[in-house]
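What follows is a single structure, written as structure tokens, with notes after it.
The values are calculated or read from the model by the stated rules, or taken from the named source; none is laboratory data. The model shown is predicted, which means the values in this text are computed figures rather than measured ones. In this analysis, Cβ positions are derived from the backbone assuming ideal geometry, glycine residues included, and neighbour counts consider all displayed protein chains. Please note that ligands, DNA and RNA were not included when accessible areas were found on the heavy atoms of the full protein model with its side chains. Shrake-Rupley method; radii C 1.70, N 1.55, O 1.52, S 1.80 Å.
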Amino acid sequence: MAENTNNNPPETLAITVTEEKNYINEPKLEEKPISTSKTPLKSLQMRHLVLPLALVTFLLSLPFLFQSIWLIYVQQYDCEGLLKSLPRLQVVVAIGLIVTFFVSNGVVYLRTRFPAPGLILVMVPLVVMFIVGISFGGSFKMETRQIPASPRWLKMKVNSNSNWNNIKSCLYDTRICRDLEARTYNLKFYDFSTSKLSPLESGCCKPPSICEMEYVNATYWNKSNKEIYTGRGSDMDMDVPYDEDCDFWRNDETILCYDCHNCKEGFLKTLEGKWLKLGTFLVVLSVLLMISHLLLFIGTMLEQNGG
């Protein structure tokens, strides 16, 4: 009997042969190709887009902070504080701008943690600022006189006799007409007529041009016999429109044209100009910030989902 030259026992050989057969018969798994997904690359590209959007959003919020500082420290124009609702409204708007600034930048900083709640949170003050801006501009078709600083509200307050008596005393105390007289004392009529006057100077310190009075200086004008207004006299040219402000004018520096409708219009135009500019500022910046935050939200969501 031939001697077994293999040192392994028969049982081991049988197990080895069986395993080799199973290995041969076992279906081979297909090797999966190495993934060439561009997801990380797209995510990186979105990050390069989101970071500039975050910077732009921050820069757009800075004017809100600067405007709030201006409203707090510059406060009101001359005699504006006599309309008591305006100083309080100015402070409220300044606080609203500060809150909007911090909310906007807080949302930018936490955009990756709370993207959807952050978008909703920042939209609330921005929409409020947008509506306030529209009201200041008088853009509401159903605007009422109850909206402070709106054109109708300002007109109602300025035309109120009780308010105007205080306002015209305040305007006199500001020496606006005395300053005009000192500034234009040496000017001839032509030079004075071509000089640029503010609405208050033109309305309160000189008679309307339609009165055709003789110029002496900025606050002193002579009436000719034909142009003395004691009502619509028979010697007046009926083709010339009548302006009752010509009757209100006096050369007395305490009176001048402070009782004239032109003076009220000049003061009203000054206030409307200020609040209209503020309203336009609020509308434009609110819209830009809403668009910027919306784009930032979309970019953040795409970045988190791998592009």
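If you take the residues of segment 148-207 that are of a type in the set (Val, Ile, Thr) and closer than 18 Å to Lys269 by Cα, which of them is nearest to the chain's Cα centre (by Cα)? Before the answer, list the steps.
Taking segment 148-207 and keeping what is of a type in the set (Val, Ile, Thr), we get 158, 167, 174, 176, 184, 194.
Filter once more, keeping what is closer than 18 Å to Lys269 by Cα: 158, 167, 174, 176.
Values: Val158: 25, Ile167: 28, Thr174: 30, Ile176: 30 Å.
Going through the qualifying residues, I end up with Val158.
Which members of segment 100-119 meet the condition of being hydrophobic (A, V, I, L, M, F, W, C) and within 16 Å of Met290 (Cβ to Cβ)?
Of everything in segment 100-119, those that are hydrophobic (A, V, I, L, M, F, W, C) and within 16 Å of Met290 (Cβ to Cβ) turn out to be Phe101, Val103, Val107, Val108, Ala116, Leu119.
What residue, among those in segment 58-79 that are over 19 Å from Gly133 (Cβ atoms) and part of a helix (DSSP H, G or I), is most open to solvent (accessible area, probe 1.4 Å)?
Tyr73
This table checks each residue for (1) touching a residue at least 24 places away in the same chain (Cβ under 8 Å); (2) open to solvent by 10 Å² or more (accessible area, probe 1.4 Å).
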{"site": "Asp243", "(1), (2)": "yes, yes"}
{"site": "Cys246", "(1), (2)": "yes, no"}
{"site": "Arg250", "(1), (2)": "no, yes"}
{"site": "Leu256", "(1), (2)": "yes, no"}
{"site": "Cys260", "(1), (2)": "yes, no"}
{"site": "Leu276", "(1), (2)": "yes, yes"}
{"site": "Phe281", "(1), (2)": "yes, yes"}
{"site": "Met290", "(1), (2)": "yes, yes"}
{"site": "His293", "(1), (2)": "yes, no"}
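Table: residues versus (1) open to solvent by less than 40 Å² (accessible area, probe 1.4 Å); (2) touching a residue at least 60 places away in the same chain (Cβ under 8 Å).
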| site | (1), (2) |
| --- | --- |
| Thr174 | no, yes |
| Cys177 | yes, yes |
| Thr184 | yes, no |
| Tyr190 | no, no |
| Ser198 | no, yes |
| Tyr215 | yes, no |
| Thr219 | yes, no |
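Looking at Ser234, Ser193, which one is at pLDDT below 90, in contact with a Ser or Thr (Cβ under 9 Å, 6 or more places away or on another chain) and farther than 29 Å from Ile134 by Cα?
Ser193
Return the pair list, or none, for Cβ contacts closer than 8 Å from residues in segment 86-114 that are within 30 Å of Met156 (Cβ to Cβ) to residues that are charged (D, E, K, R), at least 6 apart or on different chains.
Leu86/Glu80; Pro87/Glu80
Taking the conditions exactly as written (touching a Leu at 6+ places or on another chain (Cβ under 8 Å), of a type in the set (A, V, I, L, M, F, W, C) and open to solvent by 20 Å² or more (accessible area, probe 1.4 Å)), does Ile210 satisfy them or not?
No; evaluated as a whole, the condition is false for this residue.
Among the residues of segment 147-154, are any basic (Lys, Arg), open to solvent by 30 Å² or more (accessible area, probe 1.4 Å) and touching a Lys or Arg at 6+ places or on another chain (Cβ under 6 Å)?
yes
From the list Val127, Val99, Val107, which one is open to solvent by less than 40 Å² (accessible area, probe 1.4 Å), among the β-branched types (Val, Ile, Thr), assigned to a helix (DSSP H, G or I) and at pLDDT 90 or above?
None of the others qualify; the one that does is Val107.
Among the residues in segment 163-180, are any over 30 Å from Phe281 (Cβ atoms), among the aromatic types (Phe, Trp, Tyr) and either modelled with pLDDT under 90 or part of a loop (DSSP other than H, G, I, E, B) (or both)?
The answer is no, given that none of the residues of segment 163-180 is over 30 Å from Phe281 (Cβ atoms), among the aromatic types (Phe, Trp, Tyr) and either modelled with pLDDT under 90 or part of a loop (DSSP other than H, G, I, E, B) (or both).
For the subset of segment 271-307 comprising residues that are farther than 18 Å from Ile131 by Cα and β-branched (Val, Ile, Thr), which member is modelled with the highest pLDDT?
Ile298
Can you name the residue in segment 295-307 that is farther than 11 Å from Leu53 by Cα and part of a helix (DSSP H, G or I) and is also least open to solvent (accessible area, probe 1.4 Å) among such residues?
Per the stated criteria, the residue is Glu303.
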